[in-house]
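All remarks here apply to the structure that follows.
The values are calculated or read from the model by the stated rules, or taken from the named source; none is laboratory data. Remember, it's a predicted structure, so these values are computed and weren't measured experimentally. Note that each Cβ is placed from the backbone with ideal geometry, even for glycine, and that neighbours are counted across all protein chains shown.
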Amino acid sequence: MNLETKYLGLDLKHPIIAGASPLPDDLDKVRALEDGGIAAITMYSLFEEQITQNSIGAEAHVGSYENSFAEAASYFPDVDLLERGVDNYLDQLVKVKAAVAVPVIGSLNGTREGEWVNYASLIESAGADALELNLYFLPTDMDESAAQLEDRCIRIVESVKARITVPLAVKLSPFFTALPHFAKRLAAAGADSLVCFNRFYQPDIDTEELDIRPMLDLSHSHELRMRLRWLAYLSGRIDAKLAVSGGVHTGIDAVKSLMAGADVVQIVSCLLINGPEQVKEMLDELQGWMQEKEYTSLDELRGCMNFLRCPDPDALERANYMRVLKSWRS
Ligand SMILES: Cc1cc2nc3c(=O)[nH]c(=O)nc-3n(C[C@H](O)[C@H](O)[C@H](O)COP(=O)(O)O)c2cc1C
């Protein structure tokens, strides 16, 4: 069955791609992903904080020597060394690109306006076939309004877009006051795809150590439902491709995502739990389901349950809230 998929200008053999994760840090794992049949690989992120820390570090060191004797110049720390975190990222990207034939998507992660966006073009020069910009943040500033925050994100997207020629995906959070409107603005600002959504890692309180404990729990399939709803609202209504991230673990999860309107599904937790063999299992399940239901192409399937095309759009909206509450029987 033909599962070929177009995403971010790339011709993929099917719609299952590896989302941003630590896997590309190890070239054996990268090759195993390709051998397992993955259609594309997303790098882990290069973070704004890594970039700005390196620049601040370099300036601080150089500044602290600038009034010294001329001979002291040889004491200047090697700026390359200070920037090794960033260079490591770019080096690893070059190596990943050389190791596999499937497309590789770079990932840049930041939330404030600044010089870090220049790294978008360095990621492209290092060989990324496309770039994913992750706007991962928690709005905790009491003085920044929703409109200001959205404007800031849009300016970041515009400045990243201006620095690259490869297609741009924007990975966002679901927690926007008016998500469909914001999604439309992101597309107009240059996002060729939206990745729905970031998954927030909720820290816990350690009652013994009286401290905050960071928690990294992997996802479960039930987390997909919130994403399905938003994909269904956005599909066919904005000028951008859609990727789903968060809660895709099985071929049936992929079927649901495609029906809701996803162009591709990103997987991370299920790869970390089950290894790259999971890709073939998901593809078998997806194709088996399509054969049973007599779908011959992904185009027939994609978006068939979105807001515009599903038989009961009310089920996606407020009316369903009442129905669900009334359906409870003890
Ligand atoms: C260990 C780990 C590292 C991750 N690193 C990144 C990252 O560097 N950049 C990013 O955008 N997302 C990162 N993510 C988030 C994933 O790309 C993905 O959005 C999230 O895990 C939800 O997808 P899943 O349900 O398939 O795991 C990471 C996730 C995990 C579990």
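Which of (1) within 18 Å of the chain's Cα centre (by Cα); (2) closer than 30 Å to L27 by Cβ does A98 not meet, given it meets every other one?
(1)
Out of the residues in region 245-259 that are small (G, A, S) and in contact with a Leu (Cβ under 6 Å, 6 or more places away or on another chain), which is nearest to the ligand (Cβ to nearest atom)?
Selected residue: G247.
Return the only residue of Q266, Q291, Q287 being in contact (Cβ under 8 Å) with a residue 60 or more places away in the chain and within 16 Å of the ligand (Cβ to nearest atom).
The unique qualifying residue is Q266.
Output the number of residues of region 223-244 satisfying the condition of being under 27 Å from A32 (Cα atoms), within 12 Å of the ligand (Cβ to nearest atom) and touching a helix residue (DSSP H, G or I) at 6+ places or on another chain (Cβ under 8 Å).
2
Take the residues in region 133-163 that are modelled with pLDDT of 95 or more and among the β-branched types (V, I, T), then tell me which one is farthest from the ligand (Cβ to nearest atom).
So, considering only residues that are modelled with pLDDT of 95 or more and among the β-branched types (V, I, T), the one farthest from the ligand (Cβ to nearest atom) is I154.
Give the residue that is surrounded by the most Cβ atoms within 10 Å (Cβ to Cβ), with candidates limited to residues of region 123-132 that are outside any loop (DSSP other than H, G, I, E, B) and away from the ligand (no atom under 12 Å from the Cβ). Full working, then the answer.
Kept after step one, since they are outside any loop (DSSP other than H, G, I, E, B), are these residues of region 123-132: 123-125, 130-132.
Narrowing further to those that are away from the ligand (no atom under 12 Å from the Cβ): 123-125, 130.
Numbers: I123: 25, E124: 18, S125: 12, A130: 23.
Here the residue is I123.
Within the set of pairs 6 or more residues apart or between chains, which connect a residue that is within 23 Å of V248 (Cα to Cα) inside region 200-222 to a residue that is assigned to a strand (DSSP E or B) and away from the ligand (no atom under 15 Å from the Cβ) with Cβ atoms less than 9 Å apart?
Between residues of region 200-222 that are within 23 Å of V248 (Cα to Cα) and residues that are assigned to a strand (DSSP E or B) and away from the ligand (no atom under 15 Å from the Cβ), the close pairs are P203/I212; P203/R213; M215/D204.
Inside region 185-222, can you point out the residues that are more than 9 Å from the ligand (Cβ to nearest atom) and of a type in the set (A, V, I, L, M)?
Within region 185-222, L186, A187, A188, A189, A191, L194, I205, L210, I212, M215 qualify.
Looking only at region 1-13, how many residues end up being within 23 Å of V170 (Cβ to Cβ) and either in contact (Cβ under 8 Å) with a residue 24 or more places away in the chain or surrounded by 15 or more Cβ atoms within 10 Å (Cβ to Cβ) (or both)? Please lay out each step first, then the result.
Here is the first cut: in region 1-13, the ones within 23 Å of V170 (Cβ to Cβ) are 5-12.
Within this subset, residues satisfying the condition of being either in contact (Cβ under 8 Å) with a residue 24 or more places away in the chain or surrounded by 15 or more Cβ atoms within 10 Å (Cβ to Cβ) (or both) are 5-10, 12.
Summing the residues that are within 23 Å of V170 (Cβ to Cβ) and either in contact (Cβ under 8 Å) with a residue 24 or more places away in the chain or surrounded by 15 or more Cβ atoms within 10 Å (Cβ to Cβ) (or both) in region 1-13 gives 7.
Residue by residue, here is whether (1) part of a loop (DSSP other than H, G, I, E, B); (2) more than 18 Å from Y7 (Cβ to Cβ); (3) without any contact (Cβ under 8 Å) to a residue 60 or more places away in the chain holds:
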position: V102; (1), (2), (3): yes, no, no
position: T111; (1), (2), (3): yes, yes, no
position: W116; (1), (2), (3): no, yes, no
position: S121; (1), (2), (3): no, yes, yes
position: D143; (1), (2), (3): yes, yes, yes
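Pairs please, first residue from region 154-182 and over 14 Å from G110 (Cβ atoms) and touching a residue at least 12 places away in the same chain (Cβ under 8 Å), second anywhere and outside any loop (DSSP other than H, G, I, E, B) and of a type in the set (S, T, N, Q), Cβ atoms under 7 Å, 6+ apart in sequence or on different chains.
Correct list of pairs: I164/S121; A169/S193.
So V166 clears everything in (1) under 27 Å from K13 (Cβ atoms); (2) within 16 Å of the ligand (Cβ to nearest atom) except one condition, right? Which one?
Unmet for V166, out of (1) under 27 Å from K13 (Cβ atoms); (2) within 16 Å of the ligand (Cβ to nearest atom): (2).
Considering only region 26-52, state which residues are away from the ligand (no atom under 16 Å from the Cβ) and part of a helix (DSSP H, G or I).
Keep residues of region 26-52 that are away from the ligand (no atom under 16 Å from the Cβ), which gives 27-28, 31-32, 34-35, 37, 52.
Hits for region 26-52 are L27, D28, R31, A32, E34, D35, T52.
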